[in-house]
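The values are calculated or read from the model by the stated rules, or taken from the named source; none is laboratory data. Just so we're clear, the structure is a prediction, and the values are computed from it rather than from any experiment. Counting neighbours? That spans all protein chains shown, and the Cβs are built from the backbone with ideal geometry, glycine included. Ligands, DNA and RNA are excluded from the accessible area calculation, which covers all protein heavy atoms including side chains. Shrake-Rupley method; radii C 1.70, N 1.55, O 1.52, S 1.80 Å.
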Amino acid sequence: MILTTESPTNTGSTMADTILTAQELKQHYRVKQGFFKPEATVKAVDGVSFTLKKGQTLAIVGESGCGKSTLGRMLTMIETPTAGAVDFEGHDLLNLDKQKQAELRQKIQIIFQNPYGSLNPRKKIGTILEEPLVINTNMSQAERKQKALSIMAKVGLKEEHYNRYPHMFSGGQRQRIAIARGLMLDPDIIVADEPVSALDVSVQAQVLNLMMDLQDELGLSYVFISHDLSVVEHIADDVMVMYLGKVVEKGKKADIFSNPQHPYTQALLSSTPQLNADKRRTRIKLEGELPSPLNPPNGCAFHGRCIHANDRCHTETPTLQSQKNQLIACHAVEEGRL
Ligand code: SF4
């Protein structure tokens, strides 16, 4: 499969307490399916808009393949969107000269799911942490080491870890190293792509607590990408649920968790483990798989798995509408059937 991207077009906007705004972001890949078949378009992300508030966490939730990781890569400028705009503190990130883009890129860092794969096994922790400083600053070796040790202390690593290799650490410690590397250039925003998914549940809580402490201490804003709503419940201020490249529900965490309105959000939440018996929901089993983005269904992309689908759902794509405190894309909600 060969992937190519189309060229972007851009617009932008800002708000007082907003640090990042995404407007109608799209990532459409042209996919070659074989010698004798025509190219197809995969709409990995298809018109996603949101705002991220300073010092807060926006959680992006959905199953594997819903476009959330692609979105994260666009926000960190690893991928250029096909269309849309990203505004970071008044800067249109997709229409900057190379020097300014490199400068602002430092302010938005990404942490990946797999700290095993993202840390070079042949390099010592000190070298790994100092690499971004070597590339992006004029700091002396002594200054780089001092900075690395101070960030290591912030994430709960000890001075003696500086000269050790990644394989000498546990999974939780490796994720601390990955977080430390993300902090080396003093970013304002961290995009965390499934940062605790590879960890044991007990270690997940430690890493989440660390991330929340760092947020308080450093005033960081997080875009927290996860398939797991129970993880998101701890850390999010706002929640955005995605399905096949589109946003289906968006709102404050408290509203989404207490009153999920989109059938997909309801199903995701019903399968989230709850220790508190009062909070447990009747399990809504999601039948079937996420449809192929190569051949998405007409109408609402969720209709094949939705117990509330009617004829309209098979032909008309629902758009995000304001319902109570949330934005929801669902005909049944709009029609008052839910
Ligand atoms: Fe279900 Fe229809 Fe709502 Fe889609 S639009 S979630 S198919 S009720």
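The table below lists the values:
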| quantity | calculated |
| --- | --- |
| Cβ-defined net charge surrounding Val86, 13 Å radius [Lys, Arg +1; Asp, Glu -1] | -1 |
| Sequence ranges 227-238, 99-110, ranked by mean other-Cβ count within 10 angstrom, highest first | 227-238, 99-110 |
| Accessible surface of the chain [probe 1.4 Å, protein heavy atoms]: carbon and sulfur percent | 48 |
| Fluctuation leader among Met242, Met168, Met212 - the chain, Gaussian network, Cα springs under 10 angstrom | Met168 |
| Over segment 105-222: Rg over Rh, Cα atoms, Kirkwood Rh | 0.93 |
| In Å², nearest 10: area of Thr41 left accessible to a 1.4 Å probe | 40 |
| Where N is the number of residues in segment 82-168, Cα Rg divided by 2.2 N^0.38 Å | 1.33 |
| Angle in degrees between helix 125-136 and the longest Cα principal axis of the chain, rounded to the nearest 10 | 80 |
| Choice from Ile307, Ile179, Ile128 showing the highest fluctuation, given a GNM over the chain with Cα pairs closer than 10 Å | Ile307 |
| Entries in Lys100/Lys123; Lys98/Lys123; Lys43/Lys250 that, when Cα-Cα distance is taken, lie over 23 Å | Lys100/Lys123; Lys98/Lys123 |
| HN-Hα J in Hz across segment 29-40 - Karplus 6.51, -1.76, 1.60, θ = phi - 60°, x for Gly and Pro | 9, 8, 10, 7, 9, x, 4, 9, 10, x, 5, 10 |
| Rg followed by Dmax, in Å, when segment 195-338 is reduced to its Cα trace | 16.5, 52 |
| Top of Ile78, Ile177, Ile125 by mean-square fluctuation, Gaussian network on the chain, Cα under 10 Å | Ile78 |
| Nearest-ten-degree value, helix 141-154 long axis tilted from longest Cα axis of the chain | 50 |
| Per residue accessible area in Å² of the chain, where ligands, DNA and RNA are left out and the probe is 1.4 Å | 49 |
| Amide H within-cut-off set for Ile111, under 5 Å, with H built and near neighbours excluded | Val191, Ala192, Asp193 |
| Spread of Cα-to-Cα distances over 10 Å intervals beginning at zero, given as percent, for the chain | 5, 24, 31, 25, 11, 3, 0 |
| Furthest towards positive pole of dipole, Val45, Ala198, Leu71, structure part the chain, Cβ charges | Ala198 |
| Electrostatic dipole magnitude of the chain [Cβ: Lys, Arg +1; Asp, Glu -1; Cα centre; debye, to 20] | 760 |
| Principal-axis tilt of helix 171-183 within the chain, Cα atoms, nearest 10 degrees | 80 |
